[in-house]
Amino acid sequence: MWKWLHPYAKGEATYRLLGAWLPWLSALAALFVAVGLGWGLFYAPPDYQQGDSYRIIFIHVPAAMFSMGAYTGMAIAALIALVWQIRTAEWAIAAIAPVGAVLTFVALFTGAVWGKPMWGTWWEWDARLTSELILLFLYIGVLALYYAFNDARTGAKAAAILALVGVVNVPIIHFSVYWWNSLHQGATITKFEKPSMPVEMLTPLLISIAGFLFLTAALVTQRLRNEILKQELHRPWAQQQLGVEAEHGV
Amino acid sequence: MAFDSWQEAIWMGGYGFYVWLSFGVSLLAIAILVVHGLLTRKKLAAMAVQEQQRKQRLARRQQQERAQRKEKGAQ
């Protein structure tokens, strides 16, 4: 039943599959991010309390969502890498971590810049903010471990263990606003009741969230393709992909 | 549109600095990531060319050595 998955443990098959996806993901990311952010910036109505400052939400919330989503994906890759020793999964860790780190940085930065006019402070050591900062350190730690060893597979294994252990932080970030007193507001969309947002604001936000989903996927795809090529550089198929004619009969 | 003019849209009801700073830095960070990915691919292509040239040099050297050995054997 799962046999169709087998070829993707090999670099070349995955590289080609990702290559088929990349243009679509990039186009969808550009379209949805442009529409979502443009709508949010210029067409959504201002908030009755926060005025126009709330427009930061259209980049802050999607970035924060996929900073955690990417980490969850990386942890799943780490589990697959540790249990089944599949090298593509090891490389996925190295591909996801920088993307996740940038998304986390974006969430933290936009949060700080939003916090200054609304809360009166750039930063507060409260649960939501601190746990998101720890997420950034986890990403950096995973990357550092991945590249810290002369033997790439040892590095990948060490990074995978950290990625897997660190996944405990993801639910902590999500529930931090309920478990501790926080300056940060509670969930707006991801709750079972009606979302606490009018539809004129919710629509561009959802479009932007979709855009960031495609963006995250496109960025990870790009980096995973690079990582596969790097690891298989000596193989004829990789050389061909990089524009070098394969040698015959030498 | 939620604003009457472009000036007002840039002013953002007094919050322009915060809104544009957060959007600007975020897009810049993502752009850096994209460009870094493209540069990595370029670097890999250069490495692949180098690797190929190294292989060709090695092959030539081996051929020369084989030819020399043959000459010595013939003497």
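Laboratory data are not the source of any read-out in this text; all were calculated from the coordinates shown. Since the model is a prediction, treat every value here as computed from it, not as a measurement. With ideal geometry, Cβ positions are generated from the backbone for all residues, glycine too; neighbour counts draw on all protein chains shown.
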(request) Would you work out the charge dipole size for the protein assembly as shown about its Cα centre, treating the Cβ of every Lys and Arg as +1 and the Cβ of every Asp and Glu as -1, and quote it to the nearest 20 debye? (result) 2080 debye
(message) Can you tell me how the range A:93-229 classifies by the Cα gyration tensor, rounded, prolate or oblate, using a/c under 1.5 as the rounded cut?
(response) prolate
(request) Compute the relative contact order of chain A as a whole-number percentage, counting only Cα pairs closer than 8 Å that sit 6 or more residues apart in sequence. (result) 31 percent
(message) If you average 1/r across every pair of different Cα atoms in the range A:167-243 and take the reciprocal, what Kirkwood value do you get, in Å?
(response) 16.5 Å
(message) Hydropathy at least -1.0 by Kyte-Doolittle, axial extent at least 18 angstrom from the Cα trace: which helices of chain A, defined as entire DSSP H runs, fit?
(response) A:11-38, A:57-84, A:87-119, A:127-146, A:152-166, A:199-231
(request) Set Lys and Arg Cβ to +1 and Asp and Glu Cβ to -1, take the dipole of the protein assembly as shown about its Cα centre, and tell me which of A:GLY120, A:PRO45, B:ALA48 lies farthest positive. (result) B:ALA48
(message) I'd like the orientation of helix B:16-74 relative to chain B: the angle between its Cα long axis and the longest Cα principal axis, in ° from 0 to 90, rounded to 10.
(response) 0 degrees
(request) Assuming a ≥ b ≥ c are the square roots of the Cα gyration tensor eigenvalues, decide whether the protein assembly as shown counts as rounded (a/c under 1.5), prolate (otherwise, with a/b larger than b/c) or oblate. (result) prolate
(request) Divide by every residue of chain A the summed helix terms, -39500 (n - 2.57) for each DSSP H run of at least 4, and state the resulting mean residue ellipticity at 222 nm, rounded to the nearest 500 deg cm²/dmol. (result) -24000 deg cm²/dmol
(message) Rounded, prolate or oblate, given the Cα gyration tensor of the range A:1-152, with a/c below 1.5 counting as rounded?
(response) oblate
(message) With unit charges on the beta carbons (Lys and Arg positive, Asp and Glu negative) and the dipole taken about the Cα centre of chain A, which residue among A:ALA9, A:ALA159, A:ALA20 sits farthest to the positive side?
(response) A:ALA9
(request) Evaluate the charge dipole of the range A:28-183 about its Cα centre and quote only its size in Debye, nearest 20, assuming +1 on the Cβ of each Lys and Arg and -1 on the Cβ of each Asp and Glu. (result) 280 debye
(request) Select from A:ALA29, A:HIS60, A:ALA218 the residue farthest towards the positive end of the dipole of the protein assembly as shown; place +1 on Cβ of Lys and Arg, -1 on Cβ of Asp and Glu, and compute about the Cα centre. (result) A:ALA218
(message) Could you list A:ILE59, B:ILE30 so that the one with the fewest beta carbons within 10 Å of its beta carbon is first and the one with the most is last?
(response) B:ILE30, A:ILE59
